[in-house]
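Here the structure is laid out as structure tokens; the discussion comes afterwards.
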Amino acid sequence: MDDIIKEEQPAASVPEGHETKCWGCGLRLLLPSYAPIFRCGWCGAITNLNPQKSESGCSYRWRRLRDWVFVTTLFLFILFVICGGVWAVYPVVFSVSFFCGVFHSTIAFILSGCTFSTFCLSAFRSAGAPASMFWGSYPTVGKGGLEDYTFCIYCERPKSPRAHHCRSCRMCVLDMDHHCPFIGNCVGAGNHRHFIAFLFSVVISTAYVSVMSAYAGFHVWPPLAYDSLDPLNIFSTAGAIRASKAIVHAFLSSALLLSTRGLVLVYLLIASLSVGIGISVLLWQQLRFIYEGKTYINHISSLNSGSSERGWHNLFRFFGFPHWALQFLLGSSNAMKSHDK
Ligand SMILES: [Zn+2]
Ligand SMILES: [Zn+2]
Ligand SMILES: [Zn+2]
């Protein structure tokens with residue numbers, strides 16, 4: 001980026017150089033030569049004379065339609081897991097004992113409540129619009145008042161160095177992590193914590209659904225010919241063939257019975273296991289980025305705005321630990337660092 005010379009005099013009095021104007025403070029600037037991108041020496045705003053605008057109404061509508069399909073699919077999936085799970089598993093847990101039934105009903109109620117509320121909070125809360133700034137006139141914008149701000153050509157307003165413009169949401173988002181089509185919203189400063197809580201909730205809920213559907217599945221499954229599964233014989237060729245036959249026979253007979261409950265349980269087990277594994281990987285990646293003090297966008301663009309030092313303090317700060325607790329934890333981590341040296 002070229003160095004800047006601020007010049008408040010009219011260009012007529014300065015015959016040499018390239019005259020241009022800062023969008024931030026409105027002052028006329030004189031550059032030694034033409035530069036497409038420059039920073040103002042007074043307000044610190046960065047001007048780009050050749051902004052690339054690639055927005056069409058059609059692509060925006062497609063993105064909204066994609067988001068709508070993803071959000072509806074996820075919503076129906078969560079609803080199916082809750083209703084299907086209750087319908088398929090409850091007869092089994094209530095058959096064990098009434099207390100067991102009530103206990104699992106309470107757990108299911110808490111987990112579905114957490115998942116739904118965190119989903120709604122991350123989907124419908126604003127991802128974090130940057131604060132409005134004065135701009136465009138010299139007396140109003142003070143020295144360094146728009147340091148490192150750029151001009152968002154889509155929103156037609158100043159864009160903070162911590163913000164990114166999302167073309168799906170049609171707004172600038174503070175500390176934007178990524179646009180998530182499954183919640184139809186950006187993940188940014190306003191809803192990042194809710195999004196992480198949603199991921200946590202999904203991981204715990206899918207683990208619980210996997211365990212419960214496997215448990216109920218074994219109750220619905222026709223009894224295996226346990227003699228064929230003699231552990232002493234299972235390692236011999238004949239024993240292994242007999243055991244395989246018993247398992248295949250049990251599977252075929254349950255499929256032939258076409259118990260809807262059995263099919264729902266098998267679907268719940270496979271779906272919750274695969275979704276749980278996928279979301280665990282995403283959650284791990286998110287927590288790692290927070291630990292490293294960056295967002296997904298920083299990661300892919302090799303930028304690092306905000307806190308650049310990696311450490312546990314980033315996680316504590318993200319989850320909103322009280323100030324005194326943060327001071328205590330930061331103090332002990334600094335003490336550990338100096339001890340290590
Ligand atoms: Zn300026
Ligand atoms: Zn914008
Ligand atoms: Zn977005």
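Here V264, V281 are screened, and the one residue that is at pLDDT 80 or above, closer than 22 Å to V211 by Cα, open to solvent by less than 60 Å² (accessible area, probe 1.4 Å) and not basic (K, R) is V264.
Of all residues assigned to segment 92-101, none qualifies as being open to solvent by 30 Å² or more (accessible area, probe 1.4 Å) and within 12 Å of S201 (Cα to Cα). Among the residues of this structure, V275 does not count as one that is at pLDDT 90 or above, open to solvent by 90 Å² or more (accessible area, probe 1.4 Å), in the same structural domain as A207 (by TED's automatic domain parsing) and part of a helix (DSSP H, G or I). The number of residues in segment 21-50 being within 16 Å of ligand 2 (Cβ to nearest atom), open to solvent by 10 Å² or more (accessible area, probe 1.4 Å) and assigned to a loop (DSSP other than H, G, I, E, B) comes to 1. In segment 160-191, of all residues being within 13 Å of T295 (Cα to Cα) and open to solvent by less than 20 Å² (accessible area, probe 1.4 Å), the one that is farthest from ligand 3 (Cβ to nearest atom) corresponds to A163.
Would you check which residues across segment 126-159 are among the hydroxyl-bearing types (S, T, Y) and either open to solvent by 70 Å² or more (accessible area, probe 1.4 Å) or within 16 Å of ligand 2 (Cβ to nearest atom) (or both) and list them?
Selection gives S126, S132, Y138, T140, Y149, T150, Y154.
The values are calculated or read from the model by the stated rules, or taken from the named source; none is laboratory data. Nothing here was measured: the structure is a model prediction, and the numbers come from that model. Backbone-built Cβ (ideal geometry, glycine too); neighbour counts: all protein chains shown. Quick note on the areas: whole protein, heavy atoms, side chains included, nothing else; ligands and nucleic acids left out. Shrake-Rupley method; radii C 1.70, N 1.55, O 1.52, S 1.80 Å.
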